[in-house]
1. What are the residues in region 73-104 that are assigned to a strand (DSSP E or B) and buried (at least 18 other Cβ atoms within 10 Å of the Cβ), if any?
2. Hey, can you tell me all the residues within region 186-215 that are more than 22 Å from the chain's Cα centre (by Cα) and β-branched (V, I, T)?
3. Take the residues in region 170-185 that are assigned to a strand (DSSP E or B) and out of contact with any Leu (no Cβ under 9 Å at 6 or more places or on another chain); name whichever of them is farthest from Y265 (Cα to Cα).
4. For region 229-246, state whether one or more residues are at pLDDT 90 or above, within 22 Å of N168 (Cβ to Cβ) and touching a helix residue (DSSP H, G or I) at 6+ places or on another chain (Cβ under 6 Å).
5. Would you pick out the residues in region 84-105 that are within 29 Å of the chain's Cα centre (by Cα) and over 18 Å from Q194 (Cβ atoms)?
6. Which one of Q146, Q104, Q167 is touching a helix residue (DSSP H, G or I) at 6+ places or on another chain (Cβ under 6 Å) and outside the structural domain of D267 (by the TED database)?
7. Scan region 124-142 residue by residue and report those that are surrounded by 18 or more Cβ atoms within 10 Å (Cβ to Cβ) and among the basic types (K, R).
8. Which residue is modelled with the highest pLDDT, if the candidates are limited to region 168-198 and must be among the hydroxyl-bearing types (S, T, Y) and over 15 Å from T114 (Cβ atoms)?
Amino acid sequence: MEWSKLKNIILLLLVSVNAFLLILVGVQESRAARYEEDTRQAAVRVLEQSGITFGPERVPQEAGLSPLTVTRDRESEAIVAQTLLGDVSREGENDVRHRYSSVQGTAEFSMNGTFSVRFQPGAWVKEHERPYEDASQSCLERIDFQGTLISSESGERPGQTVLTYYQNWEGTPLFSCQVTLLWQDDTLLRMEGQRLSGTVTSSSEEETLSAATVLVRFLAGVTEGGFVCSRIDEMNAGYLIVSGTTRPVELTPVWRITTDSGAYYVDAITGELSPTED
C-alpha cells in the first residue's frame, strides 16, 4: 500500500478515536450533571416532606470556595481616615485602637477590623437628587470597600436614612464584615462596622460539602436546635471570619440560608448550623 494512503488511514483512525473519546467524556459529564441535579431535587423533596418549602428557582451550583488565611493590613487604616476626613493626625500610641482626627471628623479602628467614622456637619454632603444608595456606594468604593446593599431603612429621627452593606472579598460575600452609613437628609453623619483589608497568605484544599448536602445538614440542624421555619427564601455562599482578633485572619466558607423566620449559616466543611447575629 502506498505510504500516502496508509498515512490517510492512520489520520482517519486518530480522528475517529479522538471523536469517540470526546463523546465518551461528554456522556460522562452529562451523567454526572444529571446525578447532581437529581441529588439537589432529592434534597428539596426531603425539605418539603419536613414542612419546609424551598423558595428559590433551583438549588445553587457548588460554590467552589476554600478556607483562606488573610494577613490583616493595618497600614490601610490611615489611608481610609485620610480619604474620608482629609488631612488627619493620629492621636495616642495605642496599638489596639488607632484614632485619627481632623476638622472634618474622627475615625477609630480596632485590631479586629471594626471601625467608626463620625463626620462634622457638612463634611460629606451628597447632591439632593442623588439616591442614597448611589452616594453610599461611591463613598465605600473610595475606601476600597466593595459592598452589596443589605438594607435601606429610616433612622430613629425624622430625615434619617440608614443603609447597611456587607463586604465582598474578591467577588464573594464576606458576611462577617458589614458597614452601616447614617444619613441626615443629604449629610453623612456616621459610618461604622467591620472591614477586612489584607493579603491572602494561604488557602486550604479541604473538600467542601455539596449544596444538596448542606440543605440536609440545615434540616438536621434546625430540627436538633428546635428552630422553626416553613420556607427557605435565599441560599448564598460566602465567607465568615472565624478568628478575627488575630492579625492572620481565618476565613471559612459557609452557606447563608435565609428563611421566613430568620437567617442561618451552615459551615460548608463541617455542616454545623448557627443562627446569624443580624
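1. Taking region 73-104 and keeping what is assigned to a strand (DSSP E or B), we get 89-91, 97-102.
Passing the criteria: H98, Y100.
2. T187
3. Of region 170-185, the ones assigned to a strand (DSSP E or B) are 172-184.
Subsequent filtering for residues that are out of contact with any Leu (no Cβ under 9 Å at 6 or more places or on another chain) retains 173, 178, 184.
On the way: P173: 13, Q178: 16, Q184: 33 Å.
Taking the candidates together, the pick is Q184.
4. Applying the first criterion (at pLDDT 90 or above) to region 229-246 yields 229-241.
Now drop any that are not within 22 Å of N168 (Cβ to Cβ), which leaves 233-241.
If we keep only those that are touching a helix residue (DSSP H, G or I) at 6+ places or on another chain (Cβ under 6 Å) as well, we get none.
Scanning region 229-246, I find no residue that is at pLDDT 90 or above, within 22 Å of N168 (Cβ to Cβ) and touching a helix residue (DSSP H, G or I) at 6+ places or on another chain (Cβ under 6 Å), so the answer is no.
5. Residues satisfying the conditions are L85, D95.
6. Details: Q146 fails: touching a helix residue (DSSP H, G or I) at 6+ places or on another chain (Cβ under 6 Å); Q167 fails: touching a helix residue (DSSP H, G or I) at 6+ places or on another chain (Cβ under 6 Å).
Exactly one residue qualifies, and that residue is Q104.
7. Step one: list which residues in region 124-142 are surrounded by 18 or more Cβ atoms within 10 Å (Cβ to Cβ), which gives 124, 126, 135-137, 139-140.
Selection gives K126 alone.
8. Applying the first criterion (among the hydroxyl-bearing types (S, T, Y)) to region 168-198 yields 172, 176, 180, 187, 197.
When the remaining residues are screened for being over 15 Å from T114 (Cβ atoms), the result is 172, 187.
Numbers: T172: 93, T187: 96.
Only one residue tops the list, namely T187.
The values are calculated or read from the model by the stated rules, or taken from the named source; none is laboratory data. Please read these numbers as outputs of a predicted model, since none were measured by experiment. Here Cβ is always computed from backbone atoms with ideal geometry, including for glycine, and neighbour counts include all displayed protein chains.
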